[in-house]
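Presented below is the structure to which this report refers.
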């Protein structure tokens, strides 16, 4: 049996990852494929927490175009993440993976409230924990949620799954043919170069707590497991270069 590099991980999934080629909503074949990959990692004995976005259901810029107040739009986005989390939970449990959803916005009929010690206990018992509802406060992204939960859960790494790129580039590789891929970066590099990896709050939080980040391509089958095993793919971000 392969020996994983990381004992406890936080997997950051964008909402768009669940939409597949449709670009909106939740596509059953796509979510089933993602959950099968998560199951493969779970079977290695890795403790898995997931933070999922909501961009496949609601985008903040839509609220801005409507003239909606920012906090209201952000709360709608948090509710979208809960919908995605419930879909992930159902798919994972259908695949035989025990799963719990914890949400920062109280919604007791469908999910547990976020309680740090309870989440840690779920992980120790081999359950996948999905953190939904963002941080529970507006003005914070799900990237920041991932960094915060990784610190609270004492995770070994944040694994950031991207849909259309295989790492961090100097520019958008889909637009700029001269974009250069970085194999390794520091969090200060991300902040100083204004690289579109995670927002400044998330980068600072990860740097302060010395949590490495691996950015990789979700669309290549088996990549979640490869990162968990420590294969060198994508881009690794650390507090300082090794």
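The values are calculated or read from the model by the stated rules, or taken from the named source; none is laboratory data. As the structure is a computational prediction, the values presented were derived from the model and not from experiment. Methodologically, a virtual Cβ is constructed for each residue, glycine included, from the backbone with ideal geometry; neighbour enumeration extends over all protein chains shown.
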Looking at this structure, is residue 182 surrounded by 14 or more Cβ atoms within 10 Å (Cβ to Cβ), modelled with pLDDT under 95, farther than 27 Å from residue 58 by Cα and touching a strand residue (DSSP E or B) at 6+ places or on another chain (Cβ under 8 Å)? yes
Restricting to the stretch 36-61, and then to whatever is under 19 Å from residue 105 (Cα atoms) and not in a loop (DSSP other than H, G, I, E, B), can you tell me which residue is farthest from the chain's Cα centre (by Cα)? 60
Matching residues, the stretch 87-117, being over 21 Å from residue 206 (Cβ atoms), in a helix (DSSP H, G or I) and out of contact with any strand residue (DSSP E or B) (no Cβ under 7 Å at 6 or more places or on another chain): 87, 90, 91, 94, 117
Among the residues of the stretch 62-77, are any over 24 Å from residue 229 (Cβ atoms), in contact with a strand residue (DSSP E or B) (Cβ under 6 Å, 6 or more places away or on another chain) and not in a loop (DSSP other than H, G, I, E, B)? no
Since residue 194 meets every condition but one in (1) at pLDDT 95 or above; (2) at positive phi, which condition does it not meet? (1)
Examine the stretch 184-191 for a residue that is farther than 11 Å from residue 49 by Cα, in a loop (DSSP other than H, G, I, E, B) and free of Cβ contacts under 8 Å to residues at least 40 places away in the same chain, and state whether such a residue exists. no
Subset of the stretch 118-152 (residues that are surrounded by fewer than 20 Cβ atoms within 10 Å (Cβ to Cβ), out of contact with any strand residue (DSSP E or B) (no Cβ under 8 Å at 6 or more places or on another chain) and not in a loop (DSSP other than H, G, I, E, B)): 120, 121, 151, 152
Here is a list: 89, 36. Which entry is out of contact with any helix residue (DSSP H, G or I) (no Cβ under 6 Å at 6 or more places or on another chain) and over 22 Å from residue 134 (Cβ atoms)? 36
Of everything in the stretch 1-19 that's touching a helix residue (DSSP H, G or I) at 6+ places or on another chain (Cβ under 6 Å) and in a helix (DSSP H, G or I), which residue is farthest from residue 151 (Cα to Cα)? 18
Out of all the residues in the stretch 20-27, is one or more out of contact with any helix residue (DSSP H, G or I) (no Cβ under 6 Å at 6 or more places or on another chain), at pLDDT below 95, assigned to a helix (DSSP H, G or I) and surrounded by fewer than 16 Cβ atoms within 10 Å (Cβ to Cβ)? yes
